[in-house]
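To keep things clear, I will list the structure first and then write my remarks on it.
FYI, it's all coordinate maths here, none of it is from the lab. This structure is a prediction, so every number in the text was calculated from the model and none was measured. Neighbour counts run over all protein chains shown; Cβ positions are idealised from the backbone, glycine included.
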Amino acid sequence: MNPWLISIPVAYLLGSVPFGYLLVRFVRHEDIRATGSGNIGATNVLRSGAKGLGIATLLLDLGKAFLAVEIVRLRLAPGNFDLAVAAAVAAVLGHCYPVWLRFKGGKGVASALGVFLALTWPSALCILSVFIAVVAFTRYVSLASIIAAATLPFFAFYFVPQRTPIAISGFLFLTFLIIAKHHQNIRRLLAGTENRFGSRKAVA
C-alpha cells in the first residue's frame, strides 16, 4: 500500500487527540472551552488555574506531534523526508482542527515544536530559544508564538539540507497556519488589550 495513504491519516489522528480538553474534562470535570480564550491549548489550561494540567497539556501536545512524525520517519516511510514533512503538517492540522471537537482545536504552537524536534531538532531548539526570549522580555505568549513561528522557515532552511518543494511548502505552511490561528491575539496586541503571561482570563 502507498505509504502516503497510511502516513497522513495516522499523523492527523495522532495530532487531533485533544489532550487539553480531555485532561480538564476528566480531572476537573470542566470544559476548558468555556474558560478564558476557549482554546484547548496549554496556555489557556495554565490560565484556568490548573498549572499541572497546563504543563501536562504542553508535553502531551508536543509529544503526540513528535510521535506522529517519528512513526512515519522510522517505521512507515524510512528515508522519505517529504512524507515526514507532510506528516508534520497533518499532525499540526489535526491539533488545530480535531475531528473530535468539530474541527475547533488549538493554535498548533506546541505541536509545531514537537514536529520540528522530530524533523530537525537544531531548528526546534533555536525556535524555542526565540520563544523564551520574547516571553521573558514582553510576557506575551501570543507575541512569542507569532515571532517564533515567523522564524521557523529560516532556521529550517538553514539546518535542513533537503530543500525540496514539498519541504519548503510544508515549512512555510506551518508558519502561515500558526500566525493565522493567532489572528485574534494580533488584534488584541494592536489594541493593547492582550493578556500578559501570569494574568488570569475571565470566562469566555
Phe176 versus Ala191, label points 7 Å from Cα toward the beta carbon: distance in nm?
-> 2.7 nm
Simple spin-label model, 7 Å along Cα-to-Cβ: Phe154 to Phe137 in nm?
-> 1.2 nm
FRET E, pair Ser129, Val17, Förster distance 35 Å, beta-carbon r, rounded to 0.05 = 0.80
Hz values of 3J(HN,Hα) by residue in region 36-52 - Karplus curve (6.51, -1.76, 1.60), Gly and Pro given as x | x, 6, x, 7, 8, x, 5, 4, 5, 5, 4, 5, 6, x, 9, 5, x
Helix-derived [θ] at 222 nm for the chain: sum -39500 (n - 2.57) over DSSP H runs of at least 4, divide by residue count, nearest 500?
-> -22000 deg cm²/dmol
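Once a ≥ b ≥ c are taken as the square roots of the eigenvalues of the Cα gyration tensor of region 3-191, is the result rounded (a/c under 1.5), prolate (a/b larger than b/c) or oblate (a/b not larger than b/c)?
Details: a/c = 1.93, a/b = 1.28, b/c = 1.51.
It comes out oblate by the Cα gyration axes.
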Excluding same-chain residues fewer than 8 positions from Lys107, which aspartates and glutamates have a Cα within less than 17 Å of its Cα?
-> Asp61, Glu194
Loop sites in region 23-109: chymotrypsin sites (Phe, Trp or Tyr not before Pro), DSSP, at most 13 other Cβ within 10 Å | Phe103
May I ask for the distance between the Cα centers of region 127-204 and region 62-121, given as a whole number of Å?
-> 17 Å
Using a basic spin-label model with each label point 7 Å from the Cα along Cα→Cβ, how many nm lie between Ile55 and Asn80?
-> 3.9 nm
